Amino acid sequence: MRAESSKIVRLSTRDVAPASRLSYWSSILGSALAPSALSTESPLEYESELAVLELPSISIVAQSGSPQRAIRAQSEIRRTDQRYFFLVLVLIGSWHVTNVTRTRFGPGDLTFYDSRYPLDCDLLLNWRAFNLQLSEQFVPNPACLGGRRISRDSQWGRVLASYVAQLSPEFVVQAPLPQAVLVDQLGALLALTATELSGRRAVSTPAERSVRDQVYDHITQRCPDTSLQAADVASSLNISKRTLHRALAACGETFGAMLIQARVDLAARMLRSPLFGRVTTAEIGRRAGFSDASHFTKVLRRLTGQTPLQMRRTRH
């Protein structure tokens, strides 16, 4: 194993002789993800590689390779020590997956499966994917997600796929936001997607709206803190982090989106105020809670259509 940035581990079939690649990779899958019976029509030409980043509650695995078939039957399931859930985003390739039903997947599609159940994954072409291994405690409503194709054409499926597509191990290590914030956002989007797939419309209760309002107030007051996380706000409100995310999901919101919007609103007020006319735009971004100046500029332009400099000029 070759470690990078003290956290990312990279593995490749290029590390072994062609005749040993298939058996070597079967053992890698068993340790990095879950035991699987691996086969291919061209064993000597088989290639695969992955990069793994382990975080609390989830592991992010970037995978790619040549055509293969991976099967998890009862013998492989019995060798799986813990229950895990897997959220897989197809980036390249054509996949035929049999879990609850047989479904074809293409680029941009997500699939969610439970390690306790059989799986037959036939990858017909050269492929690339992000595979997120999720702990049992992380998934809000596995019954609504299990064995499902989460289409890129669905409302929250499209948002979730777009978000997961950014979660390469390299990005997460170098991200200008705390990793816990990125993980919280993933959990919230999963909750919203599960609600959509269940066929229920997200209708909030008065209690959930009250939590949402309290979370908003805390975020507004504390957004300059670059390390602010959902767990911090939940602790201040004497509720669990899961309760916080469920309340926001019922209101059609996520903690991460609320936090970013609060920081953008604060930065916009400073940029438009003559009181901050001598403060650099980078410093305003920092005071608003953005630890990286380029990230601040990108987010502000995405949400307001203006760069910090353009926004500052408009007040004149």
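The values are calculated or read from the model by the stated rules, or taken from the named source; none is laboratory data. This structure is a prediction, so every number in the text was calculated from the model and none was measured. Positions of Cβ are backbone-derived with ideal geometry, glycine not excepted, and every protein chain shown enters the neighbour counts. Please note that ligands, DNA and RNA were not included when accessible areas were found on the heavy atoms of the full protein model with its side chains. Shrake-Rupley method; radii C 1.70, N 1.55, O 1.52, S 1.80 Å.
Summary of computed values
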| read-out | value |
| --- | --- |
| Scope the range 189-227; condition closer than 25 Å to Ile8 by Cβ and open to solvent by less than 10 Å² (accessible area, probe 1.4 Å); matching residues | Leu189, Leu190 |
| Strands (runs of 3 or more DSSP E) wholly inside the range 1-79 that include at least 1 residues being among the small types (Gly, Ala, Ser), open to solvent by less than 20 Å² (accessible area, probe 1.4 Å) and under 30 Å from Asp184 (Cα atoms) | 48-55, 58-65 |
| Any hit, the range 304-313, residues being free of Cβ contacts under 8 Å to residues at least 40 places away in the same chain and open to solvent by less than 50 Å² (accessible area, probe 1.4 Å) | yes |
| Test: residue in the range 102-118 that is part of a loop (DSSP other than H, G, I, E, B), closer than 26 Å to Ala180 by Cβ and either open to solvent by less than 60 Å² (accessible area, probe 1.4 Å) or at pLDDT 90 or above (or both) | yes |
| Selection status of Thr297, free of Cβ contacts under 8 Å to residues at least 24 places away in the same chain, under 27 Å from Gln174 (Cβ atoms) and touching a helix residue (DSSP H, G or I) at 6+ places or on another chain (Cβ under 7 Å) | yes |
| Residues (surrounded by 20 or more Cβ atoms within 10 Å (Cβ to Cβ) and part of a helix (DSSP H, G or I)) located in the range 250-263 | Ala250, Phe255, Gly256, Met258, Leu259, Ile260, Ala262, Arg263 |
| Filter result for the condition that a residue is over 21 Å from Leu192 (Cβ atoms), in contact (Cβ under 8 Å) with a residue 40 or more places away in the chain, crowded, with 18+ Cβ neighbours inside 10 Å and out of contact with any Ser or Thr (no Cβ under 6 Å at 6 or more places or on another chain), over Ala230, Ala268, Ala247 | Ala268 |
| Of residues in the range 154-200 being over 10 Å from the mean Cα position of the chain (by Cα) and assigned to a loop (DSSP other than H, G, I, E, B), the one modelled with the lowest pLDDT | Arg200 |
| Among the candidates Ser36, Ser75, Ser42, residue that is more than 15 Å from Pro118 (Cβ to Cβ) and among the hydroxyl-bearing types (Ser, Thr, Tyr) | Ser42 |
| Filtered residues of the range 277-294 (kept if surrounded by fewer than 17 Cβ atoms within 10 Å (Cβ to Cβ) and either among the polar types (S, T, N, Q) or free of Cβ contacts under 8 Å to residues at least 60 places away in the same chain (or both)) | Gly277, Arg278, Val279, Thr280, Ala282, Glu283, Ser291, Ser294 |
